[in-house]
Every structure is written in C-alpha cells, then in structure tokens.
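Take a look at the structure set out below.
Computed from the coordinates by the stated procedures, all read-outs in this text should not be read as laboratory data. Since the structure is predicted, the reported quantities are computational estimates derived from the model, not experimental observations. Every residue, glycine as well, gets a Cβ built from its backbone with ideal geometry; the counts of neighbours run over all protein chains shown.
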Amino acid sequence: MKPRTKEALVSARNLTKVYKTGKVETPALRGVDLEIRAGEFAAVVGPSGSGKTTLLNIIGALDSATSGDLTVLGRQVRTLSKRARADMRLLQLGFVFQAYNLIPVLTAQENVEFVLELQGAGDEKRMRAREVLDHLGLSELAGRRPAELSGGQQQRVAVARAVASFPRLVLADEPTANLDGENAEVLLRMMRELNEQKQITFIFSTHDPRVISHARRVVTLVDGRIVTDEET
Amino acid sequence: MIGRISGRYALRSLWRHPRRTILSMVGVGIGVAIGLIATSWMRGGTEMQIRAVSESGAGHLRVVPKGWTARRENTLRLPDAPAIDGAVRSIPAVELAAPRARVNALLAFGNRSAGVEIVGVDPEVEQRANRIVFKSRLAGRYLKPGDQNTVVVGRTLADRLRVDLDDDLYVTLSGPDGVRSAMLSIVGVLSTGARDLDAGICHVNLEVMEKISGYAGIGEISILLDDYRRIEETRRELGRQFAGLEVLSWKEVNPGIAANVEGDRGFMRALVAIIIVVVGLGIVSAQLTAVMERRREIAVLTALGMRARQVVGLVVIEAVSVALGGSVIALCIGGGVAHWLATRGVDIRALMGEEFGFGDVLLDPYIYGDFGSWIVFYALAVSVAATVAASLYPAWIASRVEPADALRT
C-alpha cells in the first residue's frame, strides 16, 4: 500500500449500525474502520446486504451510526445538528443514487440548477448548470424531462447534478446498477474524468465487476465488516 | 427562501394529478363561495336590521338627558336643546337629526280608551328620518309645521278606538303640574302593515307636545349617520362635546334587536367556520396523499441538502396555488350569488307573512345581501388562510421525512 499523505476527507473508527424492527436487531455495519483521502476514486464492493449503502448513507450524513466515530470533511458527524447535516450535504457533498432520482417535473437543466439554487446561487446558476451539462456532453438533453431520457442519460444528468457545485466528495450508491454495460462504461469514464480534472473525490458502491475495474481503491465489505482494502 | 426552480417544482407538482388538483380547487372554491354568500347575506341583513332599527326611531345614535338610561323616564328633557341640535348637525357624519319629545297618555273616544306614548316630532324631519312615516300607507295627511292640536295615529290604534280622519281624540296625561287634558284632531292614519306597531303610533308637532304636556323642550335627538360603521367614532365625538348628556347607540336603545343581530352573526360565523374546517380537512387529506406519494422524492431533495423549512415552503406554495384557484372559483360562484342577493334580494314575506314589525321596529320585506370589493379580499384571504392552515400538517410530515429510510423503501 502506498503511503497516504493527502488530507483525510472521511475517517471512520469502529463504526457500527444496527437496524431495529420491533425487538429484532439487524446489524448492518460491525466495527468499520475506514479512511478516504482527498482525490481518491474508491469503490465499496460486496454482495447485497453487506452494508455498502448503509456505509455511504452514514458517510453522507443521511443516516446515523449506532456507535463509533465518524469525521467527514473535518467535522464530527455525530455532533452535527439536523440543519448542519443538511448544510454539509448541500455545500460539500454530492449524491448519485441507484434509481437516478431526478425530479420528474423538472428538465435536466432545472434538475442541475435546483441544487445550485438551494445553495443560494443567484442568476449565475443557469449558466453554471449549462456549463456542467456541456462539459459532460449533455447539452442537447438540457431541455428534456427525465421521462424523455434513457436510463443512462438520466444517470449522467444525476452525476451532473451531483458535481454542479464542485463538491469535495461525491457518494454514488450503485450508480450503474440499472445501466447496461455501454452506459455503465460511459458513466464511469465521466466520473473518473471529474475525479482527475476537478479533483472531486468519489466513493461509490457496486457489486458489478466491470465497474470495480475502474476504481483505484477497492474496499470490500462482507456482513458489515471490511474484509479487504486494496489499491489497484 | 423559495427560488425560481423551487417555485416551478411546486407548481408543476400540482399538475401531476390534474384531477385531484382541480377537485381540491373546486372544494376550496365551493366552501369559500358558501362562506362568501353567507357573509354577504349576514352583512346585508345586519345592515338592513340596523337601518330598520335606526329609521324606526332609535337612530344610529340618540342624545338623551343625563339619567335617561337609568330611569327610562320619557318626560326628561334636554337642556339647551337648540344648541345641542345645531352642534349635532354640524358633525359631517350626521345625515339627519330628528328632535323628539315623548309623554305617556291616555287617548279616549266615546267610551273607548287606549294608553299610548305620544311622540312630539318636527314634521319635516320626521318624514325623512322615520320609516314608520315614510314607508307606511297614509290615509289623510301627515303633520305640518304650525299645525294646531292635530294628531296622526296608527291604523290599529284608530281601529281600537273606532276613530278615523277628522275625529277628535280626548287626551289625558300627567304633566309637571298635575293631570292635563286636550282635544286632538286626527289628520292622518298610518298603516305600516304590522298591527302591533300600528297600535303604538301617535305623533303630534313638538309645539303641540309642549302645549298639551307642559314639558318644555325636546327629550331626545335621534341621529342617522351616512354610514352605520361610523357609529363609534361619532359617538366618541358627541361624547366629547356633550359631557353632561348621554349618547346611546341603537343597541342600547333597542337591546332586543341588538341581541338578534349578534345571534344571527354568531350563527353565520359558526356556519362559515364549520364549512371552512370541513374544506380544510379535505385539503389536508389531498395534500397528505400528495406528500406520501412523493415521499421518496422529498427524501432526495432532503438528501441533496434541502432544509426542513424549504420543504415546508414547497408544500405551502402548492397550497397557496390551490387557494388562488379556489378563490377564483369562489368569486365566480359566490360573487355571482352575492351580486344577485344584493341586486334582487330575497322576499321574506313567505316567511313572515305581511307582518314586518319586530317590537317597535319596521322591518323590510326584502333582505338584500352586501356586495362590494370586500368579496375579492374575502375570497383570497379565506381561501389562502384556510388552505395554508390545512397544508401545515402535510408540510410538517414532509419536513420530517428521513432520507435514508425513505430511499431504502
């Protein structure tokens, strides 16, 4: 393993998560230790139910750990208020979801602008959204609504939405799960370019071997535990 | 703060289910229209009742001598009445000021007699200020200035005494110096259509009143204003000018009608409130359904960093849009009916028969609703207030969506 000298964006120590349904307790994470440094392009892999989504949700301040310490972008997530978590997600994190989750009543451009508007961007948001879509080769799709886009196109717009404000960290939960091989390849190349050109750190979960080959670091989870953590 | 895209999102979300949105708007529109019609009816009815009381002798305001309220003694007279009368007429809101003097008397003709309150009036003013005079059928003529020993009586009173025009009535009353009597010649008989009311009508000139009763001066000045909504301000003004007198509103002069008006108002307000609550519950249900359907989408917005109050803002924008649509429908339905009520009125003779008296008040056989620019404000304010209030619970539910839970399901 190469020595890691860059700033740690994510630092998890003995992270656990237990879901409770009535009296039934289901552990999803069991003592996860993980450090993600700036500029990484890391894949969290593992079979279904291994805890990938839970780990990403906790890192993204969408969910809370049952125990353990988590520092994201220099802040102890456990101590943050609901509003501070929302601000962190809005201003410093980007999200790409498995099911695209674009807003169906907004056009591709408006979906991208929406996040910029929430951040308080003024009139420049339209231009910036356009730039991002252009940069990702999506300009001809700008005026279309999600229903008028293919799955691959929707996911590329979702990536555009996630990176429009140039967040430091993008979390992508199985971004290629609903895409065919060609579209998955296009998306992965796009994410990799953003990682290299804009220095955006990516953590994405997947169990697709084709996707794993693009990652520079692969963290393997099984039953909520990290079993391997390798740089490729 | 809700921006352009957020606003578009909220508005377009409404049209995902156009039928539901239109039905919600129609629900709000019909509910508010019913409220608007009820309010038009209530306002019009209230104004007409107040006008009826005021024009039947009570006045919007009445200036009486000190101690009148406590004693209700009709032989009390105003000190320096001409000065008071002049000052009252100089107030801009005063349309008419009718001086009157009253005394209790016994009228007799042959072996028949009837107790009555004789009212001394200024004939010229009375014919404009008193609807019992200007709205009644008159046999003969009304009083004229300078008439000597003439009287105008009501039809029921005339029938009881079996008298008619040109008959002479024997009047007995208690004056300041003992029992007094006089003869009065009937020059007119008034028929209001209300038998009880007609039984109490007995008008003479103020000069005749002074002469037969021995009480000099006038006992009250009944004031009609150009707008009943100016009662309180004029009352304060009169109170400042005449600290040694009592200034009463129509409510104090005629508490029975005042209670009736307040009762009607309370009932209508309760009815409107119930309708609006029912409509509001419908909106709560529709919006809650819309929020639950979009739970995952709201979770995405929250995941992207939308704050709880911004989520609330989105739901409220949708509610305001439904309210605006509803207010247009309310104005079309309610405004139309209110205009019809205001211009055509409702004939209440079917309910009341031919008797339009209530105590000593001559009511109108029609009730007209109120119609004016207030209906636009009403439709907007009630629609928006009810719908926004109804949206707060769905908005609160939306703001509490946990993104991880909602995205997992």
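What to note about this one:
- Cα→Cβ-extended label distance, 7 Å offset, between B:L138 and A:K20, nm: 8.9 nm
- Between the residues B:G219, B:T69, B:G239, the greatest Cα displacement towards the positive end of the dipole of segment B:67-243, with unit charges on the Cβ of Lys, Arg, Asp and Glu, is found for B:T69.
- Full-extension gain in nm, B:M292 to B:E117, via 0.36 nm per residue minus C-alpha separation: 55.8 nm
- Relative contact order %, segment B:279-395, counting alpha carbon pairs below 8 Å whose residues are six or more apart: 47 percent
- Inter-label distance for B:R16 and A:R128, nm, one decimal - labels placed 7 Å from Cα along Cα-to-Cβ: 2.7 nm
- Taking every C-alpha pair closer than 8 Å and separated by at least 6 residues, the mean separation divided by the residue count of chain A gives a relative contact order of 29 percent.
- Cβ-placed point charges (K, R +1; D, E -1), dipole of the protein assembly as shown about Cα centre in debye, nearest 20: 2320 debye
- Computed from backbone phi, the HN-Hα couplings of segment B:338-346 come to 4, 5, 4, 4, 6, 9, 9, x, 10 Hz, rounded to whole numbers (Karplus: 6.51 cos²θ - 1.76 cosθ + 1.60, θ = phi - 60°; Gly and Pro given as x).
- When chain A is treated as a Gaussian network with alpha carbon springs shorter than 10 Å, the biggest mean-square fluctuation among A:D208, A:D33, A:D180 belongs to A:D180.
- Under 18 Å from a label point set 7 Å out along the Cα-to-Cβ vector of B:Y393, the amide N atoms of segment B:270-291 belong to B:273-291.
- Radius 13 Å from Cβ of B:E233, net charge of other residues (Lys, Arg +1; Asp, Glu -1): +1
- Remark: relative contact order (segment B:67-243) = 31 percent; criterion is Cα-Cα distance under 8 angstrom and separation of 6 or more residues.
- Taking only the Cα atoms of segment B:275-329, the ratio Rg/Rh comes out at 1.05, with Rh defined as the Kirkwood radius.
- Overall Cα dimensions of segment B:67-243 - principal axes, largest extent first, Å: 51, 37, 30
- Chain A: most fluctuating residue of A:Q153, A:Q197, A:Q76 per GNM, C-alpha cutoff 10 Å: A:Q197
- Radius, Kirkwood style, for the protein assembly as shown when every pair of distinct Cα atoms is counted (Å): 31.4 Å
- For A:K20, a cut-off of 22 angstrom between C-alpha atoms picks up these lysines, skipping any fewer than 8 places away in its own chain: A:K52, A:K82.
- Placing a label point 7 Å from the Cα of B:D177 along the Cα-to-Cβ direction, the residues of segment B:194-215 with a backbone N closer than 16 Å are B:209-215.
- Considering only the protein assembly as shown, percent of DSSP beta bridges that pair antiparallel, nearest 5: 75 percent
- Phi-derived couplings, Karplus 6.51 cos²θ - 1.76 cosθ + 1.60 at θ = phi - 60°, listed residue by residue for segment A:117-122: 5, 4, 6, x, 5, x Hz, with x used for Gly and Pro.
- The calculated 222 nm mean residue ellipticity attributable to helices in chain B amounts to -17000 deg cm²/dmol, summing -39500 (n - 2.57) over DSSP H runs of n ≥ 4 and dividing by all residues.
- Nonlocal amide H pairs with A:R75, under 5 Å, H built at 1.01 Å: none
- Stretching the chain fully between A:D223 and A:K6 yields a gain of 75.2 nm (0.36 nm per residue, less the alpha carbon separation).
- A:R225 long-range amide H proximity, modeled H, under 5 Å: A:R30
- The 3J(HN,Hα) values that the Karplus relation (6.51, -1.76, 1.60; θ = phi - 60°) gives for segment B:258-263 are, in residue order, 4, 5, 4, 4, 5, x Hz. Gly and Pro appear as x.
- With Cα atoms, 0 to 90° folded angle of helix A:124-135 axis to chain A main axis: 80 degrees
- Kirkwood Rh and Cα Rg combined as Rg over Rh, evaluated for segment B:287-409: 1.32
- Under 5 Å, built H, 5+ apart or other chain: amide partners of A:G94: A:L169, A:V170, A:L171
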